[in-house]
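*Asks:* Got a structure for you, written out below as structure tokens; questions coming shortly.
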Amino acid sequence: MRTPIVLAVAAGLAASAVAAVRKPRPPRLGPQQTGDADLAATVRAAVDDPEGLRGLAVAVVEGDRVRVAGLGDRARGEPAVEPGTPFEIGSIAKPLTGMLLARQVAAGAVDPDDRLAAVLPGVTGPAGDVTLAELASHRAGLPRLALDSTGATIRTWWAASTAGNAYAGYDVDRIVAVAANTEPGGDRGAVSYSNFGAALLGQALAARAGVGYPELLRREVLGPLGMAGTLVATDAGHLPAGRAEGATAAGRAADPWLGAGYAPAGVGIWSTAEDLARLTAAMLAGTAPGADAATPRFDAGDDRRIGYGWFTSRHGDREIVWHDGGTAGFRAVLGFDRAAGRGVVVLGNTTRDVDPIGLRLLDV
């Protein structure tokens, strides 16, 4: 039993030694810019330190006015970021999955209190008793990730340590099998963030609709909003052309996240600032499919509330509806202030946090 662990540790030490010799150069936001020049200048003023950033795609929505800009480059030596450049958006997919739940509830296809086992065949045991609403609001007591072996745990740790794909091999059948052997914890009923729970929710909704999750998302949300630049990449062959390349804030190249089972939680989801501006505008107007998902329903602690995938927080005298996302090489944030009629999207192709930039743009 110890041999794989010893080998993994030895490999890690060897990789660390190589990394020490070949330490990557930290990225720095470059001078390139596309799209709205005034917005690009405002974004640069909102960046407190350009080191650790490489490229940004940003949108600001104010009523019927939408401004979009690209700054920096897609990767070292690559073309400039444009408003239509695809980025991984990570957990911003969770509100989209929440909107699918709101759509199916409105259509009478499911009830928020339906048990998971009644909607997703194959989920037996205690995890089958959690409800769709609990999954959508991180209140099901499920772990952040559910791994099915010691080897999977080691591979996930290694991927997280090397900016790799932590979700490789997790297809729909595998996460259903893992769920059948997972027991909710004692924190059920309290908000405890779970990628696993969000993934099960999306796969349950897809099963009820009789289609795969990518098709359900296209049909119910992306298509009606005209988000043609947003896609679910379930394997490397479906990665978008012209995409930004991810990296750590220290400059290490990152692998795209791929794993069809976890797609509803944000694995393999790519979008653009232009597309997310369409989503933001529709959420502000209340016309987005499943917009009721953003209605706050449960206390999330730290002066936050949560609906189906969407958080609502107070920042000073503002109430912001939002979600952010992070993958091995990307960061993203989408937020809007209904009272002010203003929303922002910030996408970055490194692991440098972009939430502060988004908050500053909301205050401009």
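Quick note: the coordinates plus some simple rules give every number you see, no bench work behind them. Because the structure is a prediction, the values reported are computed rather than measured. Ideal geometry is used to build each Cβ from the backbone, glycine not excepted, and the neighbour counts take in all protein chains shown.
*Asks:* Want the number for Asp148 to Glu78: 0.36 nm per residue separation, take away the alpha-carbon distance, what's left?
*Replies:* Here the segment from Asp148 to Glu78 would lengthen by 21.3 nm.
*Asks:* For each of Lys23, Lys94, count neighbouring Cβ atoms within 10 Å of the residue's Cβ, then give the residues from fewest to most.
*Replies:* Fewest to most other Cβ atoms nearby, the residues stand as Lys23, Lys94.
*Asks:* Quick one: which of 41-49, 245-253 comes out on top by average Cβ neighbours within 10 Å, and what's the full order, highest first? Let's see the in-between values first.
*Replies:* Values: 41-49: 15.0, 245-253: 19.2.
Listed from highest to lowest mean packing, they are 245-253, 41-49.
*Asks:* Once you've got the GNM for the chain with C-alpha springs shorter than 10 Å, pick whichever of Glu220, Glu134, Glu78 has the biggest mean-square fluctuation.
*Replies:* Residue with maximal mean-square fluctuation among Glu220, Glu134, Glu78: Glu78.
*Asks:* Here is a further query. Give the calculated FRET efficiency between His238 and Asp299 to the nearest 0.05, with a Förster radius of 22 Å applied to their Cβ-Cβ distance. Please list the in-between numbers first.
*Replies:* Values: r = 38 Å, r/R0 = 1.74.
So the FRET efficiency works out to roughly 0.05.
*Asks:* Once the Cβ-Cβ distance between Ala339 and Arg28 is put in as r, and R0 is 41 Å, what FRET efficiency do you end up with, to the nearest 0.05?
*Replies:* 0.65
*Asks:* Using mean Cβ contacts within 10 Å as the protection proxy, how do 197-204, 314-321 order, highest first?
*Replies:* Packing order, densest peptide first, comes out as 197-204, 314-321.
*Asks:* Taking the chain as a Gaussian network, where each spring joins two C-alpha atoms under 10 Å apart, which residue of Trp257, Trp157, Trp322 fluctuates the most?
*Replies:* Judging by the Gaussian network model, the answer is Trp157.
*Asks:* If Lys and Arg each add +1 and Asp and Glu each add -1, what is the summed charge of the other residues whose beta carbon sits under 14 Å from the beta carbon of Val61?
*Replies:* -1
*Asks:* Got the relative contact order for the range 2-363 handy, in percent, Cα pairs under 8 Å and 6 or more residues apart? Kindly include the intermediate steps, with their values, before the conclusion.
*Replies:* Numbers: 873 pairs, mean separation 86.8, N = 362.
Once divided by the residue count of the range 2-363, the mean separation gives 24 percent.
*Asks:* With unit charges on the beta carbon (Lys/Arg positive, Asp/Glu negative), name the residue among Leu276, Trp257, Thr42 whose Cα is farthest towards the positive pole of the charge dipole of the chain.
*Replies:* My answer, from the dipole projection, is Trp257.
*Asks:* Okay, helix-only estimate at 222 nm for the chain: each DSSP H run of n ≥ 4 adds -39500 (n - 2.57), divide by all residues, round to 500 deg cm²/dmol; what do you get? Don't jump to the answer; show the numbers that get you there.
*Replies:* Details: 11 runs with 115 residues, N = 364.
That comes out to -9500 deg cm²/dmol.
*Asks:* Mind telling me which of Gly125, Gly237, Gly325 comes out most flexible in a GNM of the chain, alpha-carbon contacts under 10 Å?
*Replies:* Maximum among the listed residues: Gly237.
*Asks:* Calculate the FRET efficiency for Asp355 and Val211 from the Cβ-Cβ distance with a Förster distance of 30 Å, rounded to the nearest 0.05. Intermediate results must be reported in sequence, preceding the final value.
*Replies:* Details: r = 34 Å, r/R0 = 1.12.
Computed FRET efficiency for Asp355 and Val211: 0.35.
*Asks:* On to the next question. In a shell of Cβ-Cβ distance under 13 Å around Ala209, excluding Ala209 itself, what net charge do Lys and Arg (+1) and Asp and Glu (-1) give? Intermediate results must be reported in sequence, preceding the final value.
*Replies:* Numbers: positive: Arg103, Arg208, Arg218, Arg219; negative: Glu215, Glu220.
So the environment of Ala209 carries a net charge of +2.
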